[in-house]
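Chemist: Let me give you the structure first, and then I'll get to my questions.
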Amino acid sequence: MITLGIEGTAHTLGVGIVDSDGRILSNVLDMHRPLSGGLHPREAANHHADVVADVISRSLKEAGLTLCDVDLVSFSMGPGLGPCLRVAATAARALSSMQDIPIMGVNHCIAHIEIGSITTGCGDPVLLYASGGNTQVIAYSDERYRIFGETQDIGVGNMLDKLGRELGLGYYAGPAIERLAAQGDKLLDLPYSVKGMDVAFSGMMTAALALHRKGERIEDIAFSVQETAFAMLTEVTERAMAHIGKDEVLLGGGVVQNMRLREMVGIMAEERGARMFCPDRRLCMDNGAMIAWLGNVMYASGVRMRIEDTAVRQRFRTDEVRVVWR
Ligand code: FE2
């Protein structure tokens, strides 16, 4: 069975194609890059609408297939930005009716887990999902993927991007902050906001900007933000692993491309006799292949959806989905 998946929760419009063995036949992305300011949902949605037909064509071409070869179309139903979600859903509905093939709306966060599991070979991990819009610690328990901890305000990637913008590093500032952090060596005092199993980041951004105004070096600010934010994420991930007795940790989301975050989680895993798994860079980011793969997995386990069931859900929680495929 060939599944074509369309991702469109935030800045990326992605189209991936997979077969039922989990082979990724193509995975094409087109990311919206704001000219100024932050990510505006309407502008991102306009970008997605402009590129979606072309990205579908490129993905089919890369896979060496035509639309007639596609047996199932899946799309990111949520969580995400409403206008962006609607573009992906509309494209999926159009393909489904045009080709007379089934449609599947999938949860974006669960797609990160399933693509990570199939491509890295981990079996029952705790997922640390760290991206711009989402920061959650998720694991399977009793027929659901449950959220064991999450951000109470903004995603860690959103914090890094906003901070980078204020510091003049451009948008999608994570890589620039990582490069600067490598030249910092002074650990400045920043709020370490772990509340139970949850984390919060907006106070850290305010404090970091205050340090900048006081004249602290930007390299030391970047270093301190990374050390503090990633220690918080590592702490709650470790606590989730200990609490539910799991010995695998899987990384997902754009921020896990940061080598210092990987190093910290890797050390934690090693110290507790656990293993860390990290998918390829293009599968950590938001992408269509993960949406296609989860669509395939759900369909194979008997889940069916009608067009009428495909309304998007901006606040779609992972634990709303009954996991019938495990
Ligand atoms: Fe994501």
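Chemist: Probe radius 1.4 Å, ligands and nucleic acids left out: which of TYR299, TYR129 has the largest accessible area, and how do the rest follow?
Modeler: Details: TYR299 50, TYR129 0 Å².
Largest to smallest exposure gives the sequence TYR299, TYR129.
Chemist: What is the log10 of I(q)/I(0) for the range 124-279, computed with the Debye formula using one identical point scatterer on each Cα and no solvent, at q = 0.13, 0.21 Å⁻¹?
Modeler: With no solvent term, the Cα-only Debye profile gives -0.55, -1.32.
Chemist: Ignoring ligands, DNA and RNA, what percent of the accessible area of the range 124-279 is carbon or sulfur (1.4 Å)?
Modeler: Working: 2980 of 6430 Å².
Roughly 46 percent, rounded to a whole number.
Chemist: Something else now. Which value in deg cm²/dmol, rounded to the nearest 500, describes the helix-derived mean residue ellipticity at 222 nm for the chain, given -39,500 (n - 2.57) per DSSP H run of n ≥ 4 and division by the residue count? Don't jump to the answer; show the numbers that get you there.
Modeler: Working: 10 runs with 142 residues, N = 326.
After summing the helix terms and dividing by the residues of the chain, the value is -14000 deg cm²/dmol.
Chemist: For Cα pairs less than 8 Å apart in space and 6+ apart in sequence, what is the mean separation divided by the residue count of the range 124-279, i.e. the relative contact order in percent?
Modeler: Numbers: 293 pairs, mean separation 42.3, N = 156.
Here the relative contact order equals 27 percent.
Chemist: Ignoring ligands and nucleic acids, what accessible area does ARG239 show with a 1.4 Å probe (Å², nearest 10)?
Modeler: ARG239 exposes around 90 Å² with every protein chain in place.
Chemist: So how do TRP325, TRP293 rank on accessible area, 1.4 Å probe, biggest first, that is with the largest at the start? Please report the intermediate quantities before stating the final value.
Modeler: Working: TRP325 45, TRP293 25 Å².
Greatest to least solvent exposure: TRP325, TRP293.
Chemist: Tell me, what is the FRET efficiency for VAL303 and HIS212 to the nearest 0.05, using R0 = 35 angstrom and their Cβ-Cβ distance as r? Spell out each step's value before the answer.
Modeler: Working: r = 49 Å, r/R0 = 1.41.
So, using R0 = 35 Å, E works out to roughly 0.10.
Chemist: Shape of the range 188-326 from its Cα gyration tensor (a ≥ b ≥ c, root eigenvalues): rounded if a/c is under 1.5, otherwise prolate when a/b > b/c, or oblate? Show your work: numbers first, answer last.
Modeler: Working: a/c = 2.27, a/b = 1.74, b/c = 1.31.
Judged from the Cα gyration tensor, the range 188-326 comes out prolate (a/c at least 1.5, a/b above b/c).
Chemist: Next question, about the same structure. Taking amide hydrogens as modeled 1.01 Å from N in the peptide plane, which residues meet the under 5 Å criterion relative to MET305, leaving out close sequence neighbours?
Modeler: Counting only residues 5 or more places away or on other chains, the set is ILE103.
Chemist: Hey, another quick one. When all protein chains stay in place, what accessible area (Å², nearest 10, 1.4 Å probe) is found for CYS122?
Modeler: Accessible area of CYS122: about 10 Å².
Chemist: Still on this structure, please answer the following. Out of all DSSP beta bridges with both ends in the range 124-279, state the antiparallel percent to the nearest 5.
Modeler: On the way: 13 of 21 bridges.
Of the beta bridges lying entirely in the range 124-279, close to 60 percent run antiparallel.
Chemist: Mind ordering 266-274, 219-227 by average Cβ neighbours within 10 Å, highest first? Working shown, then result.
Modeler: Values: 266-274: 14.2, 219-227: 22.0.
Order by mean packing, descending: 219-227, 266-274.
Chemist: In cubic angstrom, how much convex hull volume per residue do the alpha carbon atoms of the chain span? Spell out each step's value before the answer.
Modeler: Numbers: hull volume 38.7 nm³, N = 326.
That works out to 119 Å³ per residue.
Chemist: Okay, moving on. Take peptides 113-120, 248-255, 89-96 and line them up by average Cβ neighbours within 10 Å, highest first, as a rough protection proxy.
Modeler: Packing order, densest peptide first, comes out as 248-255, 113-120, 89-96.
Chemist: Taking 0.36 nm per residue of sequence separation and subtracting the Cα-Cα distance, how much length would be gained by fully extending the chain between ASP69 and GLU320, in nm to one decimal?
Modeler: Gain on extension, ASP69 to GLU320, equals 87.2 nm.
Chemist: Okay, next question. Which value, in Å², gives the accessible area per residue of the range 124-279 when a 1.4 Å probe is used on the protein heavy atoms? Intermediate results must be reported in sequence, preceding the final value.
Modeler: Working: 6430 Å² over 156 residues.
Accessible area per residue: 41 Å².
Chemist: Keeping all protein chains in the complex and leaving out DNA, RNA and ligands, what accessible area do you get for TYR192 with a 1.4 Å probe, in Å² to the nearest 10?
Modeler: Accessible surface of TYR192 is approximately 100 Å².
Chemist: Related question: In percent, how large is the relative contact order of the range 162-218, given Cα pairs closer than 8 Å and 6 or more residues apart? Could you put the intermediate results ahead of the total?
Modeler: Values: 32 pairs, mean separation 16.1, N = 57.
Dividing the mean separation by the residue count of the range 162-218 yields 28 percent.
Chemist: Let me ask something else. About the Cα centre, and with charges only on the beta carbon of Lys, Arg (+1) and Asp, Glu (-1), how big is the dipole of the chain? Nearest 20 debye, please. Before the final figure, lay out each step's value.
Modeler: Working: 32 positive and 40 negative charges, 98 e Å.
For the chain, the charge dipole is close to 480 debye.
The values are calculated or read from the model by the stated rules, or taken from the named source; none is laboratory data. Every value quoted in this text rests on a predicted model; they were computed, and no experiment measured them. Cβ coordinates were reconstructed from backbone atoms using ideal geometry, including for glycine residues, and neighbour counts include every protein chain displayed. The area values use the complete protein model at the heavy-atom level, side chains included, leaving out ligands, DNA and RNA. Shrake-Rupley method; radii C 1.70, N 1.55, O 1.52, S 1.80 Å.
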